[in-house]
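For reference, the structure discussed in these notes is given below.
The values are calculated or read from the model by the stated rules, or taken from the named source; none is laboratory data. Here the structure is a predicted model, which is why all the values come from computation and not from measurement. Glycine gets a Cβ as well: all are built from the backbone with ideal geometry, and neighbour counts include every protein chain shown. Accessible surface areas use protein heavy atoms only, side chains included; no ligands, DNA or RNA. Shrake-Rupley method; radii C 1.70, N 1.55, O 1.52, S 1.80 Å.
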Amino acid sequence: MTRIEHDSMGEVEVPDLAKWRAQTQRAVENFPVSGRGLEPAHISALGTVKAAAAVVNASYGLLEADMAAVIAEAAGEVAANRWDEHFPVDVFQTGSGTSSNMNANEVIATLAEERLGRPVHPNDHVNAAQSSNDVFPSSIHVAAVIEISKRLTPALEHLSTALETKSTEFAEVVKAGRTHLMDATPVTLGQEFGGYAAAVELGIERLQAAIPRVAELPLGGTAVGTGINTPDREWAGKVIAEISRATGLPFTEARNHFEAQGARDALVELSGVLKTIAVSLNKIANDLRWMGSGPRTGLGEINLPDLQPGSSIMPGKVNPVVPEAVTMVAAQVVGNDATITMAGASGSFELNVQMPVIARNLLESISLLGNVSRLLADRCVDGITANTERLREYAESSPSIVTPLNRYVGYEEAARIAKQALKERRTIRDVALERSGLSEEQLNELLDVLPMTGHIPEKPAMSEPHMGDNDPDA
């Protein structure tokens with residue numbers, strides 16, 4: 001069943017139950033590309049912008065109070081993702097996002113009209129004082145800041161906490177260090193996990209540093225940055241203040257509307273931060289699966305949680321599935337960043353014309369990183385245990401523990417001791433006792449692997465003296 005809708009180009013058949021109208025239907029027919037529409041967070045942000053504009057437009061008398069109220073109510077439902085199925089426009093569409101902006105305008109107009117009982121026009125009323133060219137990029141920025149603040153940052157903090165907990169738990173678990181995948185001087189497993197936690201924390205710092213620029217909205221520039229058809233220069237600031245009130249986040253008006261509409265540099269910058277976080281997570285995930293490799297022919301230094309059978313043919317095999325998922329997310333985020341970089345370079349004079357694909361890839365990266373960070377923390381890191389004896393055995397058998405002998409026997413003699421120990425499959429201690437002239441007591445102190453890590457064990461607390469301990473007559 002269909003109904004007839006019309007726009008400036010004429011009549012169009014629209015599915016009878018659809019809340020969208022003619023311009024959305026034209027876009028559906030024009031762009032059968034991927035079968036994938038805007039991200040839910042982006043649809044929500046469009047609703048948030050439209051609701052804020054309606055509230056401010058009422059205060060200017062651009063909309064009658066009752067019409068503004070129902071538009072704001074309908075837009076609020078879009079912001080709550082209640083009508084996502086009525087946003088069918090493919091993400092690969094007109095580069096300005098006009099089709100999706102009109103999709104939002106039409107859905108909101110239909111919902112408002114049903115409640116008001118008189119016509120609500122998608123352009124004249126819902127889009128009053130706005131243009132796709134400032135609304136659509138604003139909605140990307142709003143969605144990105146919301147998702148970073150409410151999804152990604154808390155997820156990264158959760159992962160960092162999990163890693164810090166393991167760093168404390170493994171503080172005195174000594175192991176062989178590795179550089180170039182070759183034996184190096186000892187470290188503790190706790191130091192490694194502390195490094196992972198710090199990498200995640202630095203990712204959070206990078207996100208927070210980028211947010212002020214992403215939170216600048218081009219709203220108010222309308223078609224080309226001049227603000228044509230807005231009631232005055234204060235209109236944009238008032239709408240943005242309403243967006244901030246609704247979201248609880250500190251959005252601001254763009255410092256220069258021509259930059260803010262002609263370029264999407266803040267989003268390119270943010271994507272670079274997301275790529276950096278993905279690279280950090282990839283490093284962590286790879287270290288975890290290297291350390292957990294085996295159980296007999298790998299390193300076998302740690303045990304990752306057993307989550308599912310790892311093979312359809314090899315009974316008993318278990319694989320590091322969560323770290324593998326992390327590395328795939330990292331690959332996707334790096335690819336998304338490449339797309340965003342190319343799309344960000346597609347600003348022509350007063351408008352970037354690849355905004356929908358920027359939005360799709362950026363919001364996907366935020367979502368993937370948030371989800372996989374929690375997964376890594378809860379389904380992997382929390383359940384890791386250390387094979388302490390094997391770790392120490394590796395540390396003590398590493399030729400690199402000869403390093404503290406340099407200052408007593410010289411670098412070249414220390415190298416000869418290491419090579420002889422390796423060739424004869426003997427310990428460094430045994431060969432050094434034979435060649436160095438150092439006493440067994442000295443070697444025991446010099447070759448103690450835990451102090452080599454820089455770790456200073458806590459001294460046991462002194463017990464309270466018993467009554468009479470200092471009494472000469474006791």
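Here are the numbers:
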| item | result |
| --- | --- |
| Test: Asp124 is open to solvent by less than 10 Å² (accessible area, probe 1.4 Å) and acidic (Asp, Glu) | no |
| Unique match (being closer than 30 Å to Ala54 by Cα, of a type in the set (Gly, Ala, Ser) and either part of a helix (DSSP H, G or I) or open to solvent by 10 Å² or more (accessible area, probe 1.4 Å) (or both)) among Ser160, Ser138 | Ser138 |
| Members of segment 278-310 that are surrounded by 17 or more Cβ atoms within 10 Å (Cβ to Cβ) and of a type in the set (Ser, Thr, Tyr) | Ser280 |
| Qualifying positions in segment 311-350 - part of a helix (DSSP H, G or I), under 22 Å from Cys380 (Cα atoms) and open to solvent by 70 Å² or more (accessible area, probe 1.4 Å) | Met328, Gln332 |
| Exclusive hit being more than 22 Å from Glu216 (Cβ to Cβ), buried (at least 19 other Cβ atoms within 10 Å of the Cβ) and in contact (Cβ under 8 Å) with a residue 24 or more places away in the chain, set Val49, Val28 | Val28 |
| Check on Thr230, among the hydroxyl-bearing types (Ser, Thr, Tyr) and open to solvent by 40 Å² or more (accessible area, probe 1.4 Å) | no |
| Boolean, Gln23 is open to solvent by less than 40 Å² (accessible area, probe 1.4 Å) and either at positive phi or touching a residue at least 12 places away in the same chain (Cβ under 8 Å) (or both) | no |
| Checklist (1) touching a residue at least 24 places away in the same chain (Cβ under 8 Å); (2) under 28 Å from Gly370 (Cα atoms); (3) part of a loop (DSSP other than H, G, I, E, B) applied to Asp306, failing item | (1) |
| The one condition in (1) of a type in the set (D, E, K, R); (2) assigned to a helix (DSSP H, G or I); (3) closer than 28 Å to Leu202 by Cα that Arg245 fails to fulfil | (3) |
| Scope segment 208-227; condition open to solvent by 20 Å² or more (accessible area, probe 1.4 Å) and of a type in the set (A, V, I, L, M); matching residues | Ala209, Ile211, Ala223, Val224 |
| Number of positions in segment 240-250 that are free of Cβ contacts under 8 Å to residues at least 60 places away in the same chain and of a type in the set (A, V, I, L, M, F, W, C) | 1 |
| Matching residues, segment 31-46, being surrounded by fewer than 20 Cβ atoms within 10 Å (Cβ to Cβ) and more than 12 Å from Phe87 (Cα to Cα) | Phe31, Pro32, Val33, Ser34 |
| Listing of helices (runs of 4 or more DSSP H) fully contained in segment 12-89 that carry 2 or more residues being within 15 Å of Ile243 (Cβ to Cβ) and over 25 Å from the mean Cα position of the chain (by Cα) | 40-59, 65-79 |
| From the options Glu253, Glu269, Glu205, residue that is free of Cβ contacts under 8 Å to residues at least 40 places away in the same chain, in contact with a helix residue (DSSP H, G or I) (Cβ under 6 Å, 6 or more places away or on another chain) and open to solvent by 30 Å² or more (accessible area, probe 1.4 Å) | Glu253 |
| Residue satisfying all of: in segment 62-112; among the acidic types (Asp, Glu) and closer than 22 Å to Pro15 by Cα; surrounded by the most Cβ atoms within 10 Å (Cβ to Cβ) among these | Glu106 |
